[in-house]
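Participant: Below is one structure. I have some questions about it.
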Amino acid sequence: MSDQVPAGHAPVVVFACRANGGRSVASRLLAEHYAGGRVVALSAGTTPGDRVHPEVARVLEDLGLDTSRESPRLLTAEMIAASDLAVTQGCGETCPYVPGARYRDWPLDDPKGQDEATVRRIVADIDARVRDLLVELVPDIDLPPSLLGRG
């Protein structure tokens, strides 16, 4: 099934995890960076924490992504209903189900509390998935080079 959206419409993607402090934040910031305004990227969590996980923030900041304006927020059914695609990342059964909404699950390790090398590996996995997703959603997109020096 293709995830392309109608021409002229900026697809809205919600990245959802549990605490909205790691995976979904990284996904949103990477998508926003690469999409250059061609995609609207949101992130939220089923049980949002109080901040971005510091180990994730450090890795993202090292890549040049600003996490200072990121604040975990609650994932709602309305948010999913208003999106073109919801990408779930470890929220499991607690993610709201919206009939007719399009979902995709990315099985990703949780970076919370992990060492820097592990967080970098997880962010690299997210980076590759985000880049592939953007090409799927906006086939004519001209992606800038990967922040991780590949692709």
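The values are calculated or read from the model by the stated rules, or taken from the named source; none is laboratory data. Because the structure is a prediction, the values reported are computed rather than measured. All Cβ positions, even for glycine, are placed from backbone atoms using ideal geometry, and neighbour counts span all protein chains on display. Side chains are part of the model used for accessible areas, which takes the heavy atoms of the whole protein and leaves out ligands, DNA and RNA. Shrake-Rupley method; radii C 1.70, N 1.55, O 1.52, S 1.80 Å.
Participant: Restricting to the stretch 30-49, give me the number of residues that are within 13 Å of Val135 (Cβ to Cβ), touching a strand residue (DSSP E or B) at 6+ places or on another chain (Cβ under 9 Å) and assigned to a helix (DSSP H, G or I).
Facilitator: 2
Participant: Based on what the data block shows, is Leu65 part of a loop (DSSP other than H, G, I, E, B), open to solvent by less than 50 Å² (accessible area, probe 1.4 Å) and touching an Asp or Glu at 6+ places or on another chain (Cβ under 9 Å)?
Facilitator: yes
Participant: What are the residues in the stretch 15-58 that are surrounded by 19 or more Cβ atoms within 10 Å (Cβ to Cβ) and of a type in the set (S, T, N, Q), if any?
Facilitator: Across the stretch 15-58, the qualifying residues are Asn20, Ser24, Ser27, Ser43, Thr46.
Participant: What about Leu147, is it over 18 Å from Asn20 (Cα atoms), of a type in the set (A, V, I, L, M) and open to solvent by 50 Å² or more (accessible area, probe 1.4 Å)?
Facilitator: When the stated conditions are applied, Leu147 passes them.
Participant: For Thr94, which of the numbered conditions (1) surrounded by 14 or more Cβ atoms within 10 Å (Cβ to Cβ); (2) over 19 Å from Ser146 (Cβ atoms); (3) of a type in the set (Ser, Thr, Tyr) fails to hold?
Facilitator: (1)
Participant: Any residue at all in the stretch 104-112 that is among the aromatic types (Phe, Trp, Tyr) and surrounded by fewer than 16 Cβ atoms within 10 Å (Cβ to Cβ)?
Facilitator: No; the residues of the stretch 104-112 include none that is among the aromatic types (Phe, Trp, Tyr) and surrounded by fewer than 16 Cβ atoms within 10 Å (Cβ to Cβ).
Participant: A further question follows. What are the residues in the stretch 120-142 that are closer than 15 Å to Asp110 by Cβ, open to solvent by less than 10 Å² (accessible area, probe 1.4 Å) and touching a helix residue (DSSP H, G or I) at 6+ places or on another chain (Cβ under 6 Å), if any?
Facilitator: Val123, Ile126
Participant: Considering the stretch 130-151 alone, what residues qualify as being assigned to a helix (DSSP H, G or I) and either without any contact (Cβ under 8 Å) to a residue 24 or more places away in the chain or in contact with a strand residue (DSSP E or B) (Cβ under 8 Å, 6 or more places away or on another chain) (or both)? If you could, list the steps in order and put the result at the bottom.
Facilitator: Initial filter on the stretch 130-151 (assigned to a helix (DSSP H, G or I)): 130-137.
Within the stretch 130-151, Asp132, Leu133, Val135, Leu137 qualify.
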